[in-house]
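For reference, the structure is listed below as structure tokens.
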Amino acid sequence: QVQLVESGGGLVQPGGSLRLSCAASGITFDSYAMGWYRQAPGKQRELVATITIGGSTVYADSVKGRFTISRDNAKKTVFLQMNSLKPEDTAVYYCNTRIRTHDYWGRGTQVTVSS
């Protein structure tokens, strides 16, 4: 059974940093690309960043230069380092992986950027 569990969200002031983690179980972690998505109130879920099994990364334009996705295959964990946070980064952040044609999601972690 595939499980993705996010952690690390919270309340942070504009300009601050947070590091999100997503622990995976039930999968051969180093065989799959991983991704982070986010959904703000009243908006559709959107891609934030992805990382392939080889470590290649893709970022949404809105987070380029501020966010960094990484993975630790030994710990079966994917990370999202978020710097220079803005109020518009406020959202629930979800971890994702796709196995064959099925998308698996975590339950999400809330990130709120506010003074």
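The values are calculated or read from the model by the stated rules, or taken from the named source; none is laboratory data. The structure displayed is predicted, hence computed values, not measured ones. Cβ sites come from the backbone with ideal geometry, for glycine too, and all protein chains shown count toward neighbours. Note: areas computed on protein heavy atoms with side chains; ligands, DNA, RNA excluded. Shrake-Rupley method; radii C 1.70, N 1.55, O 1.52, S 1.80 Å.
Tabulated data
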| item | result |
| --- | --- |
| Selection count where residues are under 14 Å from Thr97 (Cα atoms) and either open to solvent by less than 60 Å² (accessible area, probe 1.4 Å) or free of Cβ contacts under 8 Å to residues at least 12 places away in the same chain (or both), scope the range 43-56 | 5 |
| Check on Ala74, aliphatic (A, V, I, L, M) and loosely packed, with under 14 Cβ neighbours inside 10 Å | yes |
| Cross-chain or 6+ apart pairs with Cβ under 6 Å, the range 13-39 first and free of Cβ contacts under 8 Å to residues at least 40 places away in the same chain, then open to solvent by 60 Å² or more (accessible area, probe 1.4 Å) | Gly26/Gln1; Gly26/Gln3 |
| Search result, residues across the range 6-39 that are among the hydrophobic types (A, V, I, L, M, F, W, C) and part of a loop (DSSP other than H, G, I, E, B) | Ile27, Ala33 |
| Scan of the range 73-104 for residues that are of a type in the set (D, E, K, R), free of Cβ contacts under 8 Å to residues at least 24 places away in the same chain and assigned to a strand (DSSP E or B), ordered by number | Asp103 |
| Leading residue by the ranking (surrounded by the most Cβ atoms within 10 Å (Cβ to Cβ)) among those in the range 88-115 that are small (Gly, Ala, Ser) and in contact with a Leu (Cβ under 8 Å, 6 or more places away or on another chain) | Gly106 |
| Positions within the range 1-32 being of a type outside the set (Val, Ile, Thr), open to solvent by less than 50 Å² (accessible area, probe 1.4 Å) and either closer than 12 Å to Tyr94 by Cβ or more than 12 Å from the chain's Cα centre (by Cα) (or both), in sequence order | Leu4, Glu6, Gly9, Gly10, Gly16, Leu20, Cys22, Ala24, Ser25, Phe29 |
| Out of Thr97, Thr90, Thr101, Thr57, sole residue that is of a type in the set (Val, Ile, Thr) and out of contact with any strand residue (DSSP E or B) (no Cβ under 7 Å at 6 or more places or on another chain) | Thr101 |
| Any hit, the range 59-66, residues being open to solvent by less than 20 Å² (accessible area, probe 1.4 Å), on the phi < 0 side of the Ramachandran plot and either in contact (Cβ under 8 Å) with a residue 60 or more places away in the chain or outside any loop (DSSP other than H, G, I, E, B) (or both) | no |
